[in-house]
Amino acid sequence: MDMSSDFDRLLFFEHARRTAEATYAKNPLDADNLTRWGGVLLELSQFMNGPESKQMVQDAIDKLEEALVVNPKKHDALWCLGNAYTSTALLIPDLDEARVFFDKATTYFEQAYEEEPQNELYKKSLEVAAKAPELHVEIHKHGGLAQQAMGPGPSASTSTKSKKSKNNDLKYDIFGWVILAVGVVAWIGFAKSNMPPPPPPPPTPR
């Protein structure tokens, strides 16, 4: 794991969060800003554990739902909500309880795709969402999200390397997809808003 890269990402999203807060103070009905803010909070939740992470994901959901009140057909807000509910589900140990949030995530991914069917990102999200319950089982089998979120460590090279490699690939497909995709969307959003953001975080190598 590249600690420098993680720190740079944290600085980037903290800067983005403060920018979104300042913009909200000037115009609370800016749906684009609310969507960016929700995406940033979702990103920042990945740097936290336990209750703090859950609360920040919920804050992200609140901002994204606020954006949809302003513009109910805002496809990027719908898509980000799908990611937020996926993150919520992954933090819940009980699979049956988590499935409720996985189902919500799928619904929002479907709505986003219906609004913009040519968007390959939305199509991919629907495909990835179908694998989410499988990832949930693997995460909680190995100690929960706090042990899994930041990627495989040296212990992945063991006698069960092949199985763990498959699980780590799945983990990247879903959890990594949530993190990186929302991060890219957040950065693009700030670029489009004509605010000078810091450089985008470098992609995490697979």
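Some observations on this one:
- Residues (under 18 Å from the mean Cα position of the chain (by Cα), modelled with pLDDT of 65 or more and not in a helix (DSSP H, G or I)) located in segment 111-156: Asn119, Ala130, Lys131
- Any chance Gln58 is crowded, with 19+ Cβ neighbours inside 10 Å, of a type in the set (S, T, N, Q) and within 23 Å of His136 (Cα to Cα): no
- Test: residue in segment 85-99 that is more than 20 Å from His140 (Cβ to Cβ) and acidic (Asp, Glu): no
- Residue satisfying condition, being basic (Lys, Arg) and within 24 Å of Ile92 (Cα to Cα), within set Lys26, Lys63: Lys63
- Filtered by the rule that a residue be surrounded by fewer than 23 Cβ atoms within 10 Å (Cβ to Cβ) and assigned to a helix (DSSP H, G or I), segment 61-87 gives Ile61, Asp62, Glu65, Glu66, Leu68, Val69, Val70, His75.
- Residue match in segment 2-10 (condition: crowded, with 22+ Cβ neighbours inside 10 Å and without any contact (Cβ under 8 Å) to a residue 60 or more places away in the chain): no
- For segment 21-43, residues that are within 20 Å of Ala84 (Cβ to Cβ), among the hydrophobic types (A, V, I, L, M, F, W, C) and surrounded by fewer than 24 Cβ atoms within 10 Å (Cβ to Cβ) total 1.
- Flag if Met56 is closer than 24 Å to Leu91 by Cα, in a loop (DSSP other than H, G, I, E, B) and touching a helix residue (DSSP H, G or I) at 6+ places or on another chain (Cβ under 7 Å): no
The values are calculated or read from the model by the stated rules, or taken from the named source; none is laboratory data. This structure is a prediction, so every number in the text was calculated from the model and none was measured. Quick reminder, even Gly has a Cβ in these numbers, built from the backbone with ideal geometry, and neighbours come from all protein chains shown.
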